[in-house]
Structures are given as structure tokens and as C-alpha cells.
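> The following block contains the structure, expressed as C-alpha cells.
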Amino acid sequence: MALKTAKIITFTSVKGGTGKTTTVLNIAGLLNKKNLKILIADFDFYGGVIASSLNLEYKNDVYTFVNDLMNNKFETVDDYVTSFTDNIDILPAPRDPRSASKINAKYIEIILNRLKPKYDIILIDTNHIATPINLITMDMSDNFYYIITNTLADLKNMKSMVSIFKDMNEEDYRIVLNNSIMNIKTIYSDYDIKNMIKTEINFTIPKSLYEKNIEKYIYDGKIITMNSSSKYEAYENIINDFLKN
Ligand SMILES: Nc1ncnc2c1ncn2[C@@H]1O[C@H](COP(=O)(O)OP(=O)(O)O)[C@@H](O)[C@H]1O
Ligand SMILES: [Mg+2]
């Protein structure tokens with residue numbers, strides 16, 4: 001069997017609460033059917049909710065992984081990931097957020113390189129803060145997706161990021177406009193948004209993907225897309241984008 005080398009696909013944002021975690025889980029749920037080996041890595045180190053959203057019982061997390069590497073106690077990555085389905089494993093964020101600050105950014109590359117041979121796709125959930133950890137994560141990603149909402153704060157910050165990426169000749173990012181968070185009204189048209197942020201919107205998650213029972217899914221530890229027969233074209237388009245190259 002050929003060795004796997006995972007594609008690293010990261011979801012980030014320029015503002016909190018734009019739907020990153022929900023998007024990562026829903027995309028993982030759709031990939032689950034494709035017979036690919038998936039890891040969801042929760043790199044929202046100070047407030048990760050992947051494991052709690054899935055009611056996952058786990059022993060190790062990204063902090064214990066890094067700590068064991070530092071102390072030469074590491075044996076195999078299998079000790080640090082926890083299985084959610086046959087195809088989806090989880091690497092949880094630090095259980096104790098106080099340990100998050102002890103993770104040196106240089107370990108991000110080391111742990112991702114350890115994980116890559118085991119998976120087809122590593123989906124990384126992040127927070128919106130431009131920490132060295134997030135910057136290294138984006139740098140190591142094959143593609144990274146900015147989830148933005150139709151709000152002025154988001155659009156202004158996205159505009160600044162786009163201009164930084166232009167200066168850096170960085171082209172691996174995509175912009176995902178998330179209209180599925182109900183309390184965010186659509187204020188600006190796509191045309192206005194493009195003019196504001198000075199680049200294209202690559203994908204739009206439509207209002208129709210608002211899930212009124214989202215809290216029930218989280219209570220039950222379930223992924224929406226694994227438990228509903230709705231059409232998820234927007235997520236499928238994102239999946240096709242990162243699977244294609
Ligand atoms: N499609 C959706 N339908 C209903 N509520 C949503 C949807 N997507 C996100 N939310 C809610 O919006 C809030 C922010 O979403 P979340 O995915 O946690 O964003 P982030 O990870 O960017 O902070 C959460 O309370 C989440 O339950
Ligand atoms: Mg989140």
C-alpha cells in the first residue's frame with residue numbers, strides 16, 4: 001500500500017464566531033462517506049470545542065502530544081488521536097487551556113509531519129487570531145479557507161488580510177461567505193463585498209443551510225451532515241476544490 005500524505009486543509013477567519021467549527025464538522029461528515037481517512041485537528045488551542053461538540057471521550061490531546069514529543073515519551077501518533085467513526089479521527093485541543101500557552105509554535109510542523117502519513121485529509125479548525133501557531137498552520141496548509149460573514153467588521157478585516165496576501169504573493173487562500181448563521185443579516189451584495197475586500201468570494205454557504213436544531217446536534221454529539229439528507233452543494237464545492245489538486 002502506498003504511503004498516504006495528507007492534504008492539510010485549514011479553516012480560519014478574521015473575526016470570531018463566523019462558523020469555522022460548524023463548517024469543519026459538516027465537511028468532515030460529508031468526507032466520511034467517501035472512504036477517505038480524515039483527521040480533524042482542533043487548533044483552537046484556547047477554546048476548542050470539536051471534542052465536546054462530538055461528546056468525544058479521549059485521553060490525549062494536542063498538548064499531551066507535544067509534551068510527550070518534548071520529553072521523548074512519544075511512540076506513535078495512534079496514542080494521541082481518538083476515533084469518532086471508522087474514517088474520522090480527532091486530535092482534540094488542549095483539555096486544559098492553561099497548557100495551550102506552553103505549546104511552542106515550532107511543534108506545529110513536527111506534529112503535522114507525524115500525522116500526514118496516516119491520513120488522506122487533515123482538516124484543521126483554528127481560531128481567528130493571527131498567532132504564530134495559526135500562521136505556521138496556514139503556511140503548512142495546501143489550501144486555507146477564510147470563513148467570513150456579511151458584517152462590516154469581517155469585511156474590513158478581510159480587506160486588510162487580502163492586501164497582506166497580495167504583498168506576500170500568497171495565493172493558497174479561498175474566501176467563503178457564510179450566510180447560514182441566521183442572526184447575521186445580509187447587508188451587502190456580493191458585488192459590494194467584492195469591491196470592499198478587493199477579491200472574489202470563492203464559495204457561499206447559503207442561508208438555507210441555517211440549522212435551527214444545531215444545539216440538539218451538539219447535545220447529542222452528532223455531525224449535521226451525517227444525520228440529515230439535505231443537499232450540501234456549498235460544502236461539496238469546497239470539498240471538490242481541495243480534492244482536485
Ligand atoms: N449553519 C448554522 N445554523 C445554525 N447555527 C449556526 C450555523 N453555523 C454556525 N452556527 C452557530 O453560530 C455560532 C458560531 O459558529 P461556530 O461554528 O462555532 O463558529 P467559529 O468556529 O467560527 O467560532 C455557534 O453558536 C453555532 O452553533
Ligand atoms: Mg470554532
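> Within the range 29-45, how many residues are within 17 Å of Gly19 (Cα to Cα) and either loosely packed, with under 15 Cβ neighbours inside 10 Å or touching a His at 6+ places or on another chain (Cβ under 7 Å) (or both)? Don't jump to the end; show me each part of the working.
Here is the first cut: in the range 29-45, the residues within 17 Å of Gly19 (Cα to Cα) are 29-30, 40-45.
Cutting the leftovers down to either loosely packed, with under 15 Cβ neighbours inside 10 Å or touching a His at 6+ places or on another chain (Cβ under 7 Å) (or both) gives us none.
The number of residues fulfilling the criteria is 0.
> Identify, please: which residue in the range 2-23 is surrounded by fewer than 24 Cβ atoms within 10 Å (Cβ to Cβ) and charged (D, E, K, R) and is, among those, farthest from ligand 1 (Cβ to nearest atom)?
Checking each candidate, the answer is Lys4.
> Which residues, taken from the range 70-93, are open to solvent by less than 80 Å² (accessible area, probe 1.4 Å), within 16 Å of Lys222 (Cα to Cα) and acidic (Asp, Glu)?
Asp89, the sole residue that qualifies.
> In the range 158-203, which residues are assigned to a helix (DSSP H, G or I) and open to solvent by less than 30 Å² (accessible area, probe 1.4 Å)? Spell out the reasoning first.
To start, the set of residues in the range 158-203 that are assigned to a helix (DSSP H, G or I) comprises 158-168, 190-197.
Answer for the range 158-203, where residues must be assigned to a helix (DSSP H, G or I) and open to solvent by less than 30 Å² (accessible area, probe 1.4 Å): Met158, Val162, Phe165, Ile193, Ile197.
> I would also like to ask the following. Is it the case that some residue within the range 54-69 is of a type in the set (D, E, K, R), over 29 Å from Ile197 (Cα atoms), free of Cβ contacts under 8 Å to residues at least 24 places away in the same chain and surrounded by fewer than 24 Cβ atoms within 10 Å (Cβ to Cβ)?
Step one: of the range 54-69, the residues of a type in the set (D, E, K, R) are 57, 59, 61, 68.
When the remaining residues are screened for being over 29 Å from Ile197 (Cα atoms), the result is 57, 59, 61, 68.
Next, from what is left, pick out any that are free of Cβ contacts under 8 Å to residues at least 24 places away in the same chain: 59, 68.
Pick out the ones that are also surrounded by fewer than 24 Cβ atoms within 10 Å (Cβ to Cβ) and you get 59, 68.
Yes.
> If a residue has to be open to solvent by 90 Å² or more (accessible area, probe 1.4 Å), of a type in the set (S, T, N, Q) and touching a residue at least 12 places away in the same chain (Cβ under 8 Å) to count, how many in the range 204-240 make the cut?
Qualifying residue count, the range 204-240: 1.
> Across the range 18-54, what is the number of residues that are at pLDDT below 95, touching a Ser or Thr at 6+ places or on another chain (Cβ under 9 Å) and on the phi > 0 side of the Ramachandran plot?
Here the count works out to 0.
The values are calculated or read from the model by the stated rules, or taken from the named source; none is laboratory data. These figures come from a predicted structure and were not determined experimentally. Cβ: placed from backbone, ideal geometry, glycine included. Neighbour counts: every protein chain shown. Remember, those area values only see protein heavy atoms, side chains included, never the ligands or the DNA or RNA. Shrake-Rupley method; radii C 1.70, N 1.55, O 1.52, S 1.80 Å.
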